[in-house]
Amino acid sequence: MKAMSMLATFVLFAGGSISYFQYQRPVQLSGTGQHYITVDEVVWKHARPDLGDLRLYAGQTEIPYALVTERGSQQRQRTQVQVLQQSTVAGKTHFLIDMSAVAEYDHVNLELATKNFVAHARVEGGDNLHGKQWASLGDSIIYDLSKENLVGNSMLRLPRATYKYLRVSLDGPVKPTDVLGANSEMAEDQPALWRDVSSAPKQEQDGKDTVLTFDVAEYVPVERVIFAVDATQPNFQRRIDIQNERGGWISSGEISRMHMVRGGQKVDSEDQDVAFSSSEQKTIKIVIHNADDPPLKLTGARLQQLERRVYFDASAQGQPTLYYGDEKLEQPVYDYAKLFLRDKIPVPAQLGPEVSNTAYTGRPDDRPWSERHPLVLWIAIIAAVLTLGGVALRSMRGATA
C-alpha cells in the first residue's frame, strides 16, 4: 500500500497534464506522414533549457516524438546488384556486376555458395558493357574457412568508384554457378543543419582589434560564429576571442584563408567559422585580433546554432498542439524516439503564434506542510514557547513560596 501511494505521488508530481503547461502553440501540418518542428527563439524563451518539457497533443491524446539535434551523420543503405554472364574463361570464373543502382561505392559483397576455399579476385570497371577498355580497380583475396570454424570474407575492396559495370575474374575453386549474387552499400552523408540566431552585428575598431557585438534572444544557445570575407581579401590567419557582455572569456579560435602553391602543389584552404558553446547570454562579443595587419574585409558575420527538430508522425487524429513551460515535468521516454528513423524527405510543420494555455492551473503544491504554512508554524512555535515559559514561571513561584 505504501509503495502504491509513493507511485501515485510520483505520477501526480512528475507526470504530464495539459493543465500544467503555461504555453501552447498550434502546429500546422501538410498531410500525413513524418513531420518535424524546428525549435525557434519563442520556444527557447519559455521552455526548459533541455527542452524536456515539450509535449505534443492532438486533443487529449499525447503524440510521441523524437527530439534530434541535427549534428550531421552518415547513413549506409545496402543495395542488391545484379550479377551477369557467369562463365569460365581460360580456367577462371568470370562475371559482370551491374552497379548502375549505386551512385558511388568502394566495395562489393559477393554471395557465394562455395565453401572452404581461398581465391584471388581481379576487378575492372567500365561504363560500356561491350567496351574494349576497362579500368583496373585492384585485386582482393576472398575466402571461406568454415571447415576450421573460422570466419570468411567475400568482399571486393575497391577505390571509390562510379562505374556502371564491374568485370570480375576469380582464380580459384569458385564455380560460375556458385556466384549467386552481390550487394553493395552507398554511404549517404547527412550534413549538419545550422540556423541563424542573431541579426547583423555592430562592428567597430578597438585599436588594432575588430570587435563585433551581437544581440541574442533570451535563453537561446549559440554554437558557432561564421564569417563572410570578401573574395579580394588576400591570405590571412587571425586569432578570435569570444566574450560575454562584460568581457568575460567564453572561447577562442582561428579563422584563415590560404591559396598558394608550394613544391609545385596548389594549396587551397578556407576556415571561416569558430565553434563554441554559450547559453543565456544576451550579448556576445567577437574580437578579431589583427595584430599589425589591416582589418579583414568582412562582408558579414552570423551567430548560429544546430537545429533542434521535433520529429513525429502526423495522423488523422487532428491538428496537434505543442505545449511547454512545466519546470517539474520529467523528460519523456517514447518507443518512437528509441526506434526513430528519419524519412528520406520529412515534411516541415509550421508553428503558430505562442499563447498562454487557457487550461493552465499549475501543479499541486508539493512542498512540505511547514513550507506552505510558515505563519501557522511560527504561531504554533511562539504559543508553545509562551506556554512553556508560563509553566516554568509558575514552577519558580511555587518553589519560593
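Flag: residue 190 does not match the condition of being exposed (fewer than 14 other Cβ atoms within 10 Å of the Cβ), more than 20 Å from residue 103 (Cβ to Cβ) and modelled with pLDDT under 95. Listed by first and then second residue, the pairs linking a residue in region 283-302 that is within 10 Å of residue 208 (Cβ to Cβ) to a residue that is exposed (fewer than 13 other Cβ atoms within 10 Å of the Cβ), with Cβ atoms under 7 Å apart and 6 or more places separating them unless they lie on different chains, are 295/205. I'd like to know if region 315-328 contains one or more residues that are at pLDDT below 95 and touching an Asp or Glu at 6+ places or on another chain (Cβ under 9 Å). Within region 315-328, one or more residues are at pLDDT below 95 and touching an Asp or Glu at 6+ places or on another chain (Cβ under 9 Å). Pull up region 236-255, narrow it to residues that are in a loop (DSSP other than H, G, I, E, B) and open to solvent by 70 Å² or more (accessible area, probe 1.4 Å), then point me to the one that is nearest to residue 298 (Cα to Cα). Among residues in region 236-255 that are in a loop (DSSP other than H, G, I, E, B) and open to solvent by 70 Å² or more (accessible area, probe 1.4 Å), the one nearest to residue 298 (Cα to Cα) is 245. Does region 182-235 hold any residues that are of a type in the set (Phe, Trp, Tyr) and in a strand (DSSP E or B), and which are they? Scanning region 182-235 gives 194, 214, 227.
If you go through region 198-215 and keep only what is surrounded by 13 or more Cβ atoms within 10 Å (Cβ to Cβ), at pLDDT below 95 and of a type outside the set (Ser, Thr, Tyr), you end up with nothing. Residues of region 60-90 that are more than 30 Å from residue 109 (Cβ to Cβ) and surrounded by 12 or more Cβ atoms within 10 Å (Cβ to Cβ): 62, 63, 64, 65, 66, 67, 68, 69, 70. Out of 225, 151, one residue alone is open to solvent by 40 Å² or more (accessible area, probe 1.4 Å) and of a type in the set (Val, Ile, Thr). It is 151. Scan region 124-140 for residues that are in contact with a Gly (Cβ under 6 Å, 6 or more places away or on another chain) and either exposed (fewer than 13 other Cβ atoms within 10 Å of the Cβ) or not in a loop (DSSP other than H, G, I, E, B) (or both) and report the count. Count: 2. For region 94-117, taking the residues that are part of a strand (DSSP E or B) and more than 22 Å from residue 151 (Cβ to Cβ), the one that is most open to solvent (accessible area, probe 1.4 Å) is identified as 94. Take the residues in region 164-181 that are open to solvent by 80 Å² or more (accessible area, probe 1.4 Å) and not in a strand (DSSP E or B), then tell me which one is nearest to residue 138 (Cα to Cα). The qualifying residue nearest to residue 138 (Cα to Cα) is 164.
The values are calculated or read from the model by the stated rules, or taken from the named source; none is laboratory data. Here the structure is a predicted model, which means the values were calculated and not measured. Cβ: placed from backbone, ideal geometry, glycine included. Neighbour counts: every protein chain shown. For the accessible areas, the whole protein counts, side chains as well, though only heavy atoms, and no ligand, DNA or RNA atoms are used. Shrake-Rupley method; radii C 1.70, N 1.55, O 1.52, S 1.80 Å.
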